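Written below as structure tokens is the structure these notes are about.
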Amino acid sequence: ITEIPLKTTSYEESILKKRFNAARHQYNALLGECLKRLERMKQDPRYKEAKVKYKEKETRKASRELFRELAKEYRYGEYDLSSYSNKWNAKDAFTGKRGHLSIGSAISQQLVKRVFTSCERYRKYKSEKQVDSQKIKGKPRFKGYRGLHSIEDKQPTTIKLKGDKIVYLGLELPLLIDLKDPVHHHCMESRLKYIRIVKRQYNKNIRYNAQLVSEGR
């Protein structure tokens, strides 16, 4: 992972600020919906039955199958949340374009993955106690005013690298590359997997950097 500062104007920063804020609202809405579905599923008597069965090695397989049935019935799954998130990236019926606050469907998919992973961790480890100074897996929290610190693409399709610029839904953001730096040079020569845009706060100012995730060992 190589982090390189982005050269941004006040106009580009205002657009990025709006998109990060839109991503925060999407994250909170997805988390609320996921927790709601999880709570409904946990109220089902079969859920408690599945938990009891999971404790015994002989009935663990039957327990997993019951969990899968419940998850399908209550639409508690990553794919179901993906369908729920599609409304934010739908195209306008008249113009055929996406809304000006669309962050891109691929980035929404990554938010879905992040939300569902945190909910699954909470579901599985809620009752476990603190062991070896590890944090207890508590209920996932909604993002407040500070919001998300990063947004990322699954592949370099929505957030792209073109030459020495990051292109993201109409924005062209030059990378402040120092090719004399061997780390920057290695990054630009390596095969790119995906890109993450990171928001950093320095005193009262916000700066945006790009994290280029390359193939490696």
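Can you tell me which residue within the stretch 172-184, out of those that are part of a helix (DSSP H, G or I) and open to solvent by 50 Å² or more (accessible area, probe 1.4 Å), is nearest to Arg207 (Cα to Cα)?
Taking the stretch 172-184 as the starting set, the residues that turn out to be part of a helix (DSSP H, G or I) are 182-184.
If we keep only those that are open to solvent by 50 Å² or more (accessible area, probe 1.4 Å) too, we end up with 182-183.
Details: Pro182: 23, Val183: 21 Å.
Among those residues, the one meeting the criterion is Val183.
Answer yes or no: is there a residue in the stretch 185-205 that is loosely packed, with under 15 Cβ neighbours inside 10 Å, at pLDDT 90 or above and over 19 Å from Ala23 (Cα atoms).
Within the stretch 185-205 (the criterion being loosely packed, with under 15 Cβ neighbours inside 10 Å, at pLDDT 90 or above and over 19 Å from Ala23 (Cα atoms)), the answer is yes, since at least one residue qualifies.
Mind listing just one residue for me: the one in the stretch 102-155 that is open to solvent by less than 50 Å² (accessible area, probe 1.4 Å) and over 22 Å from Glu78 (Cβ atoms) and, of those, modelled with the lowest pLDDT?
Looking at residues that are open to solvent by less than 50 Å² (accessible area, probe 1.4 Å) and over 22 Å from Glu78 (Cβ atoms), I get Gly147.
The rows are residues; the columns are (1) in a helix (DSSP H, G or I); (2) within 17 Å of Asp153 (Cβ to Cβ); (3) in contact (Cβ under 8 Å) with a residue 60 or more places away in the chain; (4) touching a strand residue (DSSP E or B) at 6+ places or on another chain (Cβ under 6 Å).
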| position | (1), (2), (3), (4) |
| --- | --- |
| Ala50 | yes, no, no, no |
| Lys53 | yes, no, no, no |
| Glu58 | no, no, no, no |
| Gln110 | yes, yes, no, yes |
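Can you tell me how many residues within the stretch 161-171 are under 22 Å from Ser190 (Cα atoms) and open to solvent by less than 80 Å² (accessible area, probe 1.4 Å)?
Number of matching residues: 6.
When the stretch 10-31 is examined, which residues are found to be open to solvent by 30 Å² or more (accessible area, probe 1.4 Å) and among the small types (Gly, Ala, Ser)?
Result: Ser10, Ser14, Ala29.
Out of (1) touching a Pro at 6+ places or on another chain (Cβ under 7 Å); (2) open to solvent by less than 30 Å² (accessible area, probe 1.4 Å); (3) not small (Gly, Ala, Ser), what's the single condition that is false for Lys7?
If we test Lys7 against (1) touching a Pro at 6+ places or on another chain (Cβ under 7 Å); (2) open to solvent by less than 30 Å² (accessible area, probe 1.4 Å); (3) not small (Gly, Ala, Ser), just (2) comes out false.
Checking Leu212 against (1) modelled with pLDDT under 90; (2) in contact with a Cys (Cβ under 9 Å, 6 or more places away or on another chain), which single condition isn't satisfied?
Looking at each condition in turn, Leu212 falls short on (1).
Which one of these does Leu31 not meet: (1) farther than 27 Å from His149 by Cβ; (2) not in a loop (DSSP other than H, G, I, E, B)?
(1)
The values are calculated or read from the model by the stated rules, or taken from the named source; none is laboratory data. A quick note: this is a predicted structure, and the numbers were derived from the prediction, not measured. Here Cβ is always computed from backbone atoms with ideal geometry, including for glycine, and neighbour counts include all displayed protein chains. These accessible areas exclude ligands, DNA and RNA; they are computed on the full protein's heavy atoms, side chains included. Shrake-Rupley method; radii C 1.70, N 1.55, O 1.52, S 1.80 Å.
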